[in-house]
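Engineer: Pasting in a structure now, in structure tokens, and then I'll have a few things to ask.
No lab work stands behind these numbers, since they all come straight from the coordinates. Everything quoted here is computed from the prediction, not taken from an experiment. Virtual Cβ from ideal backbone geometry, glycine too; neighbours counted across all protein chains shown.
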Amino acid sequence: MPPLPTPVSLAPVSPAPSPVPLPVLGADITVPVTGNRTVPYANLDIAATAPCAVSAADAVNRLLPSYASVHRGAGVLSARCTQAYEQARETVCRFLGCRPGDEVVFTRNTTDALNLLAGAVPADTVVVTFVAEHHANLLPWRTVVRLPLPSSPDEAVAAIDQALHRHGPALVAITAASNVTGEVWPVADIARVARRHGARVAVDAAQLAAHQPVSLADLDVDYIAVSGHKLYAPFGAGVLAGRADWLDAAQPYLRGGGASTQVNSVGTASWAVGPARHEAGTPNLLGAVALAAVCAALTPLHWKALLVQEQHLLGELRAGLAAVPGVRELRLFAPEHPRVGIVSFTIDGLDSAQVARRLADEHGIGVRAGLFCAHPLTRHLLDAHTAAPSTAIRASLGAGTSGEHVHRLVTAVRAIATP
């Protein structure tokens, strides 16, 4: 007989509290500012390096007492660590929406992952990308067509369509979200165009994956690259996930133990297939485990809470900066175009590096000044404003950002811009 169902309580039940989007370390850090004061640190440089998630730190701390070699070790600790490493691969695989036959290769970061893919692209394949890309997706490719900056998502899709019509076998390499403007690119639409031309698509998801789910299957793309340090797992791990055929046919990214299955006396080797082919040497176990812990922590409920909170704060930040005379927001697409929690801006007549220094020294706010490793895009956006300085200021939001941080930044920018 099946068990009886649990009786349903007729008493009123309070709604479950909304989950904290993603608890991170460092929320209680204070920093010195002018006037011999200390203030809570406002970390608004999350697009560069995200704070460590509590779940990542906890996972690493649990594993550290058992830390040992990964793969081939006969001891209990080695077996335990090997299991943790491969379980991390499976967790990341699910997080990125991998399909049957896709591989997950652990790398150092997105730059490393895209350089690995660049070495695996067949010699007769043209890579099509935009000059809007972060340097990680702009510089590694060998045979490349760099398209000019589009003024709209529709123009971007049309440019890809025209470029693929002119070329033979191709790989489209595209960002999912700009690290300069935060604008989300039309990856799914570009993928549909690429499919019509028989082209593959690689996605630099370093920024988008920290703000909303990214899936190989849902986007119908061939490769996704992400960085752990952008995804609240600051232990030096990244990932290239996607189709196995190019990766298994390419020369190993690194040559050494683990990538080879047999080596003869003159140094000629037979190479492994699968992720091991490109993961020679002792792998970054702790980085993989930390990244997997964050992937596991970001459940649909937590994703929703994170997105709602971030978009609310982003709206407040953009509106607040827009009200300050002389402040100009950098953007490529229309103001209402979807974006993640990144705002780059300038203040007329003021040096961006000096503004960033004042925000830190006088207000305890961390932002970034420069060209953000996307020099062609940032310079183009700066050139659109004759009064703009030669670099920009970038404020970026994420887990751990509060309304007070945003209000403090807007207030500080107003005080600096209108003394």
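Engineer: Between Gly287, Gly267, Gly228, where does the largest GNM mean-square fluctuation fall for the chain, given springs only between Cα atoms within less than 10 Å?
Structural biologist: Ranking Gly287, Gly267, Gly228 by mean-square fluctuation puts Gly267 first.
Engineer: With a sphere of radius 12 Å drawn around the Cβ of Glu329, what net charge do the other residues whose Cβ falls strictly inside it have (Lys, Arg +1; Asp, Glu -1)?
Structural biologist: On the way: positive: Arg318, Arg328, Arg331, Arg339, Arg394; negative: Glu183.
It works out to a net charge of +4.
Engineer: Find the Rg to Rh ratio for region 55-297, where Rh is the Kirkwood radius over alpha-carbon pairs and Rg uses the same atoms.
Structural biologist: On the way: Rg = 18.4 Å, Rh = 18.5 Å.
Taking Rh as the inverse mean 1/r over Cα pairs, Rg/Rh reads 0.99.
Engineer: May I ask what percent, to the nearest 5, of DSSP beta bridges between residues of the chain are antiparallel? Could you put the intermediate results ahead of the total?
Structural biologist: On the way: 31 of 49 bridges.
Beta bridges within the chain, antiparallel portion: roughly 65 percent.
Engineer: Within region 325-419, report the GluC sites (Glu not before Pro) that DSSP leaves as loop and that have at most 10 other Cβ atoms within 10 Å. All intermediate terms of the calculation are to be shown ahead of the outcome.
Structural biologist: Details: sites: Glu329, Glu336, Glu362, Glu404; in loops: Glu336.
Counting only loop positions with at most 10 other Cβ atoms within 10 Å, the GluC sites (Glu not before Pro) in region 325-419 are Glu336.
Engineer: So, counting K/R as plus one and D/E as minus one, what does the shell of residues with Cβ under 13 Å around Ala353 add up to?
Structural biologist: Numbers: positive: Arg357, Arg358, Arg368, Arg394; negative: Asp351, Asp361.
Around Ala353, the charge tally is +2.
Engineer: Looking at region 56-197 only, what percent of DSSP beta bridges run antiparallel? Nearest 5 please.
Structural biologist: On the way: 1 of 8 bridges.
Antiparallel: roughly 10 percent of the beta bridges in region 56-197.
Engineer: Taking the Cα centre of each part, how many Å lie between region 135-204 and region 301-345?
Structural biologist: About 24 Å separates the Cα centre of region 135-204 from the one of region 301-345.
Engineer: May I pose another question? Please list the radius of gyration and Dmax for the chain, considering alpha-carbon atoms only, with Å as the unit.
Structural biologist: 23.3, 80
Engineer: Take every DSSP beta bridge with both residues inside region 55-297 and express the antiparallel ones as a percent of the total, to the nearest 5. Let's see the in-between values first.
Structural biologist: Details: 15 of 30 bridges.
If we restrict to bridges inside region 55-297, about 50 percent are antiparallel.
Engineer: Report the calculated FRET efficiency for Ser390 and Arg94 (r = Cβ-Cβ distance, R0 = 56 Å), to the nearest 0.05. Kindly include the intermediate steps, with their values, before the conclusion.
Structural biologist: On the way: r = 44 Å, r/R0 = 0.79.
The formula returns an efficiency of 0.80 here.
Engineer: Name the cysteines of the chain that stand alone by the Cβ rule: no other cysteine Cβ under 4.7 angstrom.
Structural biologist: Lacking a cysteine Cβ partner under 4.7 Å: Cys52, Cys81, Cys295, Cys373.
Engineer: Using only the Cα atoms of region 343-399, what are the Rg and Dmax in Å?
Structural biologist: For region 343-399, the Cα radius of gyration and maximum Cα-Cα distance read 11.4, 35 Å.
Engineer: Taking the Cα atoms of region 301-415, what is the range of coordinates along each of the three principal axes, in descending order and whole Å?
Structural biologist: 44, 33, 26
Engineer: Expressed as a fraction of 2.2 N^0.38 Å, the rule-of-thumb size for a compact globular protein of N residues, what is the C-alpha radius of gyration of region 67-202?
Structural biologist: Working: Rg = 18.2 Å, N = 136, 2.2 N^0.38 = 14.2 Å.
Ratio of Cα Rg to 2.2 N^0.38 Å: 1.28.
Engineer: Would you kindly calculate the translational diffusion coefficient of region 208-302, applying Stokes-Einstein with the Kirkwood radius from alpha carbon pairs, for 25 °C and a viscosity of 0.890 mPa s, and quote it in µm² s⁻¹ without decimals?
Structural biologist: Working: Rh = 15.1 Å.
Answer, rounded: 162 µm²/s.
Engineer: Are there trypsin sites (Lys or Arg not before Pro) in region 37-135 that DSSP marks as loop and that have at most 13 other Cβ atoms within 10 Å, and which are they? Provide the component values of the computation, followed by the final result.
Structural biologist: Values: sites: Arg37, Arg62, Arg72, Arg80, Arg89, Arg94, Arg108; in loops: Arg72, Arg108.
Here the sparse-neighbourhood loop sites are Arg72.
Engineer: Right, another one. At a Förster radius of 30 Å, what calculated FRET efficiency corresponds to the Cβ-Cβ distance of Ala322 and Asn61, to the nearest 0.05?
Structural biologist: Values: r = 43 Å, r/R0 = 1.44.
Efficiency at R0 = 30 Å is approximately 0.10.
Engineer: Please compute the modelled spin-label separation between Glu362 and Leu307, points set 7 Å along Cα→Cβ, answer in nm with one decimal.
Structural biologist: 3.9 nm
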